[in-house]
Amino acid sequence: MLEGLSDVALTALIPAAVLTWMGVLALVLWHRMAQRGGPWEFQALLIVTGPLIMVGIFFYPDEGTAGGIVPRLVAALSSLSVALSILLALRSVGAPRRFVGGMVAAVAAYFLALVVSAMVARSSGIPTEYLTTPILLLAVLVSGAYTRDEAIDVSRWSLRTIIALSLAAAVLLPSTAFNTSEARTIFGLNRLEGITSHPNTLGALAVLAFLLELRSRSIVWMGAALTALVLAQSNTAWAALLVGVLCLVRASALRIGVYGALIGGAGALLLSPAVAKSVMVLLTDERATTLNGRTTIWQAALAGFKDNALFGYGPGLLDDAYRARYLPQFDAAAQAHNQFVQSMAGAGILGAATLIALVSVLVRYSWKARQTDGGLSLALTAILVMRSLTETPLRPVGPGTSTFFLLVTFAIVAATHSEWASQHERALPVRPLVSRTERLALTRKSR
């Protein structure tokens with residue numbers, strides 16, 4: 001009887017602890033954001049979609065456990081995210097953000113392609129995520145209520161919370177915070193995923209946090225982000241960090257230093273037989289040549305493209321039935337681990353074309369905005385592109401980690417480009433109402 005009572009108490013204690021954590025977290029972040037100003041809907045959207053939902057998913061019950069307070073709480077937070085995005089969009093009806101029409105059109109076209117594919121492809125049926133994800137992203141894009149600095153500020157504090165809670169979970173709840181299903185270790189530790197869904201996800205968010213902290217020059221938070229990045233052990237995240245920093249490097253001395261380090265490292269490989277041998281062993285290892293099995297997943301996913309080249313396989317790509325048919329040895333391969341392969345296999349030529357258009361607009365906007373933010377928008381776009389090589393960040397999953405990553409990137413790029421375009425418009429010379437030919441004619445007539 002006492003054992004039964006202890007089980008009941010434990011079952012009630014965990015949800016109560018989760019609710020308490022979320023309440024304290026929301027109050028602290030809300031107080032911090034209120035001191036800085038800005039639209040509360042935008043601030044709440046990033047806080048709810050990011051740290052709060054991640055905490056709820058971290059304490060989600062094991063598979064097979066039905067019901068419970070935590071799943072219902074996560075569902076409520078997801079609905080709240082959608083409601084906040086609608087409120088944010090409604091606020092923008094009278095004063096939408098200027099100079100972001102191309103980005104809005106590209107995002108709308110991309111997700112519309114997914115919806116069309118879901119309607120006509122072999123695997124039919126429109127998932128809820130195909131509708132909720134674009135609602136969140138488009139609301140952030142069209143909103144002109146927040147500035148670039150406000151977007152960076154709320155993003156930075158949300159990321160600080162995620163990093164801090166992930167490192168705290170590594171100490172307090174290591175059995176849940178570390179991914180023990182993989183053999184890779186560092187300092188004798190398994191890969192850290194913290195309160196996120198996967199170590200690769202934590203690595204991407206850590207890179208995002210580090211680049212934003214470069215503006216604040218906070219040694220403590222830069223160190224925390226790098227610590228999370230090291231413990232996540234994500235090769236793609238390290239590559240994204242390198243590319244992102246190169247986008248930010250502007251001074252010639254720093255640029256020469258970075259390139260010199262790369263050339264020096266390459267020279268060391270050539271001059272040191274022991275180092276060169278180790279690199280060759282790494283490159284010829286089966287896990288390296290197949291990118292940890294990703295090439296096999298890509299080949300299986302492209303079978304969906306062959307099934308319907310124009311519209312793709314649909315939302316059922318790489319689900320249980322699909323894997324049983326094309327990929328029986330990869331039970332965990334629920335996505336293609338490459339955004340282009342995912343879009344082309346899932347939504348066909350239509351999905352691939354709209355993906356290319358969306359990335360092209362992002363690159364164009366962030367390239368122009370580099371004159372205003374020192375390359376930050378370009379660095380965030382580069383991180384998204386790098387992550388797309390081995391993951392699927394643009395796959396619609398509704399409110400949560402992946403969408404939070406997109407919200408931060410899109411909000412900062414859109415706000416920065418809008419402010420750059422506004423400054424550029426004001427700097428343009430005013431064209432005279434009278435043409436040069438007419439002025440010459442009037443001058444001769446007056447003589």
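The values are calculated or read from the model by the stated rules, or taken from the named source; none is laboratory data. Predicted model only: the values in this text are computed from it and were never measured. Here Cβ is always computed from backbone atoms with ideal geometry, including for glycine, and neighbour counts include all displayed protein chains. Just the protein is used for accessible areas: all its heavy atoms, side chains included, with ligands, DNA and RNA removed. Shrake-Rupley method; radii C 1.70, N 1.55, O 1.52, S 1.80 Å.
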**Report entry** Filter result for the condition that a residue is out of contact with any strand residue (DSSP E or B) (no Cβ under 9 Å at 6 or more places or on another chain), modelled with pLDDT under 95, farther than 30 Å from L212 by Cα and crowded, with 20+ Cβ neighbours inside 10 Å, over S123, S117
**Finding:** S117
Report task. Collect the residues in region 127-139 that are over 15 Å from L394 (Cβ atoms) and open to solvent by less than 20 Å² (accessible area, probe 1.4 Å), keeping them in residue-number order. Result -> A139
Query raised in the report: So which residues in region 63-95 are hydrophobic (A, V, I, L, M, F, W, C) and modelled with pLDDT under 90, if there are any at all?
Result: A66, I69, V70, L73, V93, A95
Report summary line: Within region 181-209, of all residues that are open to solvent by less than 20 Å² (accessible area, probe 1.4 Å) and among the hydroxyl-bearing types (S, T, Y), the one farthest from T390 (Cα to Cα) is T196
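Okay, residues lined up against (1) more than 28 Å from I53 (Cα to Cα); (2) in contact with a helix residue (DSSP H, G or I) (Cβ under 6 Å, 6 or more places away or on another chain); (3) of a type in the set (D, E):
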| residue | (1), (2), (3) |
| --- | --- |
| A75 | no, no, no |
| L80 | no, yes, no |
| L88 | no, yes, no |
| G94 | yes, no, no |
| V107 | no, yes, no |
| V116 | yes, no, no |
| M119 | yes, no, no |
| Y130 | no, yes, no |
Report task. Report yes if some residue within region 372-380 is open to solvent by 10 Å² or more (accessible area, probe 1.4 Å), in contact (Cβ under 8 Å) with a residue 40 or more places away in the chain, part of a helix (DSSP H, G or I) and touching an Asp or Glu at 6+ places or on another chain (Cβ under 8 Å); otherwise report no. Result -> yes
Query - Hits in region 146-189 - residues which are over 19 Å from A379 (Cβ atoms) and among the basic types (K, R) - result: R184
Query raised in the report: If you go through region 104-153, how many residues are assigned to a loop (DSSP other than H, G, I, E, B) and either in contact with a Ser or Thr (Cβ under 7 Å, 6 or more places away or on another chain) or under 12 Å from G346 (Cα atoms) (or both)?
Result: 6
Report summary line: Result of the Cβ filter at 7 Å on region 210-230, keeping first residues that are open to solvent by 40 Å² or more (accessible area, probe 1.4 Å) and partners that are in a helix (DSSP H, G or I) and among the β-branched types (V, I, T), at least 6 apart or interchain, is R215/I152
